[in-house]
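The values are calculated or read from the model by the stated rules, or taken from the named source; none is laboratory data. The model shown is predicted, which means the values in this text are computed figures rather than measured ones. Methodologically, a virtual Cβ is constructed for each residue, glycine included, from the backbone with ideal geometry; neighbour enumeration extends over all protein chains shown. The area values use the complete protein model at the heavy-atom level, side chains included, leaving out ligands, DNA and RNA. Shrake-Rupley method; radii C 1.70, N 1.55, O 1.52, S 1.80 Å.
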Amino acid sequence: MKFFIDTANLDQIKEAQELGILDGVTTNPSLMAKEGITGANNILKHYVDICSIVDGDVSAEVIATDFEGMVKEGEALADLHPQIVVKVPMIKEGIKAIKYFSDKGIKTNCTLVFSVGQALLAAKAGASYVSPFIGRLDDISNDGLNLIDEIRLVYDNYGYETEILAASVRHTMHIVECAKLGADVITAPLSAIEGLLKHPLTDNGLAQFLADYKKGN
Ligand code: E4P
């Protein structure tokens, strides 16, 4: 399973990269705003900065909601850096844009996916990644993980190569459950990724080993 970090924070991206397990980065306009990155030029520069840190795919989201606008923005984003994946919303115009980018060999991430039907359309259009938002489904008393399970079944039925990128991951167990269900990628905050490290028996065991070593030295 690939690990992406879901942030526009350069320090956190560096930290995850230094851990040696990072395969890519996802961003969105809200994550950019959270870091105080505003204005088209600053946002474009920030994408390039992210690409210089991480060795993998970096999702950069279009703002336009019409086909021509998405194509124009997406082509400019793709020209920025070879690691850029154009992130396109799951709307009618978005599907047309994904098909266009796919035919041109430009990688895409279909975002804001909340149903199997949407995921099916994204795959048919040739999306490189589909992003089901599991945390936001949980937030409204739907089962986000069940969506991952259902998309996996449908994609496997037909051999679609679109990678399931579990997004809106809120905590460490989301990552573990997505791995059990066969998600190809998770994108998560650094805190959820680092949660995988933790176990009290590891801490206790290490403390005991170090204490016993000191006794003999
Ligand atoms: C995915 O690419 C999105 O950036 C992200 O996972 C959204 O997560 P949220 O629901 O925590 O905002």
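Worth pointing out:
- Scanning the stretch 50-72 turns up one or more residues that are among the charged types (D, E, K, R) and within 16 Å of A167 (Cβ to Cβ).
- Pair list, Cβ under 9 Å, 6 or more apart: the stretch 177-191 residue on the phi < 0 side of the Ramachandran plot and open to solvent by 10 Å² or more (accessible area, probe 1.4 Å), other residue of a type in the set (S, T, Y) and modelled with pLDDT of 95 or more: D184/Y129; D184/T162; P189/T7; L190/T7; S191/T172
- Qualifying residue in the stretch 151-165 (condition: open to solvent by less than 20 Å² (accessible area, probe 1.4 Å), more than 10 Å from the ligand (Cβ to nearest atom) and in a loop (DSSP other than H, G, I, E, B)): yes
- Total residues in the stretch 169-189 satisfying the condition of being within 13 Å of the ligand (Cβ to nearest atom) and assigned to a helix (DSSP H, G or I): the figure is 3.
- Top-ranked residue of the stretch 128-144 - restricted to ones that are near the ligand (Cβ under 9 Å from one of its atoms) and farther than 17 Å from T27 by Cβ, ranked as surrounded by the fewest Cβ atoms within 10 Å (Cβ to Cβ): D139
- Hey, A122 farther than 29 Å from K99 by Cα, within 14 Å of the ligand (Cβ to nearest atom) and open to solvent by less than 60 Å² (accessible area, probe 1.4 Å) or not: no
- Listed by first and then second residue, the pairs linking a residue in the stretch 130-151 that is over 15 Å from G117 (Cβ atoms) and touching a residue at least 40 places away in the same chain (Cβ under 8 Å) to a residue that is in a loop (DSSP other than H, G, I, E, B) and not aliphatic (A, V, I, L, M), with Cβ atoms under 6 Å apart and 6 or more places separating them unless they lie on different chains, are I134/S168.
- The criterion of at least 3 residues that are open to solvent by less than 20 Å² (accessible area, probe 1.4 Å), among the acidic types (D, E) and under 24 Å from K104 (Cβ atoms) is met by none of the helices (runs of 4 or more DSSP H) falling completely within the stretch 1-75.
- Scanning the stretch 166-176 for residues that are among the β-branched types (V, I, T) and surrounded by 24 or more Cβ atoms within 10 Å (Cβ to Cβ) yields a count of 1.
- For K87, the requirement of being assigned to a strand (DSSP E or B) and either open to solvent by 50 Å² or more (accessible area, probe 1.4 Å) or closer than 25 Å to L181 by Cβ (or both) is met.
- Residue within the stretch 192-209 that is closer than 21 Å to S59 by Cα and not in a strand (DSSP E or B) present: yes
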